[in-house]
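Q: A single structure is presented below for examination.
The values are calculated or read from the model by the stated rules, or taken from the named source; none is laboratory data. Please read these numbers as outputs of a predicted model, since none were measured by experiment. Counting neighbours? That spans all protein chains shown, and the Cβs are built from the backbone with ideal geometry, glycine included.
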Amino acid sequence: MFEKVNIQSDDLSVKSVESFNFIFCEGTTCPECCDYFVTIKPVEIINGSETDVTATISNGRIVALTQSLCECSNDQHKPKDTELKDVILMCGQGNGSAIFRNPSESAVRIANVTIDTSRLCKPKVLVEFSSIINYAVTADSNVGFQFELFRVCNNGEPVLRGSWTFEVGLIEGIFASSTGFGFTFCECVNFSGCCEYFVELKPIEVPVGRLDNIMISNSKITALVQSTKTLNRSCNFIDSEDHYPKTKKILFACGNGTGNRTFTSSDDSAFQLAQVTVDTTCLCKPVVNIEFSSIVSFIRTSPSLDLNGLLLFELFRVCDDGHAESRGIWTVAKIDLNSSKFTESFDFTFCEPIKCKSGCCTYFVKVTPTEIENGQVSVSNGRIAALVQEG
């Protein structure tokens, strides 16, 4: 569900362009070809004044990762393009936080990941990116950014692979928000060698003022690479070159959501929203990629006062029945006088190598209310999945 209810008395236009993402993971007994598709259903599009209201959905992307849990008894009838292949999982790097104070500032690179396709034949590449956008602006201001994904191979020129826009228009009061922004990108490529994918952030509209500030943080990027064909002579590989990174099998685990919770006060206790367990017994120096998504709703209960809601999403890891270790913190917040209700998605990707473990590791996400004033904040639909590969 995505929902935004604004209260405006003036005949002024307000534009909002945001990302909406989710993950879904399940075990299935379907023996043949399956199609997953996403439909969009308009629930409410209401004009509260003389200004027309329109909603546009674009840039839809969907990716499926499938893993067999048993041997297929009909291998002789299996299509060649469904042959199980190993993959390469690469953790990328975020480049700290980027702060913008005016729209004339240069674009900055905020995340990158490097892959080596030297031993892959016409590979498929999946790139996953997530970040947090923090802004606090005054009246009659617009906030706009362009996220651009580039690919550069073998020291060549960067090639633009896709662009995504974030934009919010504000017309009165002081508005502050901390919200997630992410995307998924998948392509089949025909190159061999070292390639880097990087995300560049370009300011489009940045308000200039004493109280205005924009910061992008918690940028995370991950890449998954797989050959589309079995290695053979047509791929022009030199078998004696063993220093190239080799593809490896991957462990894919679906996690569990643990229900939903509505917070009405910062004194409410923290809530564990989702968890996933992976068995690293047979893996040395595993690389783990966590994917998480949820739905967050901010509801204002006092018509004349600002809604103030701030939640901390914290990812923990506990291995071998030891102590829970914090692996990352993400902030989701709203300070708003114009909206009576706001429902959006919040998701992130997190990738890390961990030391040799002799048992199971559980990753879980805990939500803590830090500030709740003049309203309530609900979290629901927690989803989590893990991809694990030996390092």
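Q: Give me the residue from the range 110-123 that is out of contact with any Lys or Arg (no Cβ under 9 Å at 6 or more places or on another chain) and in a strand (DSSP E or B) and, out of that set, modelled with the lowest pLDDT.
A: 116
Q: Do the conditions hold for residue 349, that is, is it surrounded by fewer than 16 Cβ atoms within 10 Å (Cβ to Cβ), in contact with a Ser or Thr (Cβ under 8 Å, 6 or more places away or on another chain) and either assigned to a loop (DSSP other than H, G, I, E, B) or not small (Gly, Ala, Ser) (or both)?
A: no
Q: Testing residue 362 on (1) among the polar types (S, T, N, Q); (2) closer than 30 Å to residue 17 by Cα; (3) surrounded by fewer than 17 Cβ atoms within 10 Å (Cβ to Cβ), one condition comes back false. Which one is that?
A: If we test residue 362 against (1) among the polar types (S, T, N, Q); (2) closer than 30 Å to residue 17 by Cα; (3) surrounded by fewer than 17 Cβ atoms within 10 Å (Cβ to Cβ), just (2) comes out false.
Q: Here's something else I'd like to know. Would you pick out the residues in the range 91-117 that are of a type in the set (S, T, N, Q), surrounded by 15 or more Cβ atoms within 10 Å (Cβ to Cβ) and in contact with an Asp or Glu (Cβ under 9 Å, 6 or more places away or on another chain)?
A: 112
Q: Moving on to the next point. Against the conditions (1) of a type in the set (Asp, Glu); (2) farther than 21 Å from residue 377 by Cβ; (3) touching a Pro at 6+ places or on another chain (Cβ under 7 Å), where does residue 321 fall short? Just the number, please.
A: Only one criterion is unmet by residue 321, namely (3).
Q: Quick one: residue 321 ticks every box in (1) free of Cβ contacts under 8 Å to residues at least 60 places away in the same chain; (2) acidic (Asp, Glu); (3) in a strand (DSSP E or B) bar one, so which box is it?
A: Answer for residue 321: the failing condition is (3).
Q: Across the range 351-386, which residue is nearest to residue 301 (Cα to Cα) among those that are of a type in the set (S, T, N, Q) and in contact with a Phe, Trp or Tyr (Cβ under 9 Å, 6 or more places away or on another chain)?
A: Only one residue tops the list, namely 376.
Table: residues versus (1) touching a strand residue (DSSP E or B) at 6+ places or on another chain (Cβ under 8 Å); (2) closer than 20 Å to residue 166 by Cβ; (3) modelled with pLDDT under 85; (4) in a strand (DSSP E or B).
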| site | (1), (2), (3), (4) |
| --- | --- |
| 272 | yes, no, no, yes |
| 283 | yes, no, yes, no |
| 313 | yes, yes, no, yes |
| 328 | yes, no, no, yes |
| 340 | yes, no, yes, yes |
| 344 | yes, yes, no, yes |
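Q: Sticking with this structure for a sec: Give me a count of the residues in the range 190-209 that are closer than 17 Å to residue 162 by Cβ and in contact with a Leu (Cβ under 9 Å, 6 or more places away or on another chain).
A: Matching residues across the range 190-209 total 4.
Q: Any idea which of 364, 350, 346, 342 is in contact (Cβ under 8 Å) with a residue 60 or more places away in the chain and more than 18 Å from residue 273 (Cβ to Cβ)?
A: 342
Q: Wholly within the range 124-226, which strands (runs of 3 or more DSSP E) include no fewer than the required count, namely at least 1 residues that are modelled with pLDDT of 90 or more and closer than 24 Å to residue 343 by Cα? Before the answer, list the steps.
A: On the way: elements: 124-137, 141-153, 159-170, 175-188, 194-205, 213-226.
Output list reads 124-137, 141-153, 159-170, 175-188, 213-226.
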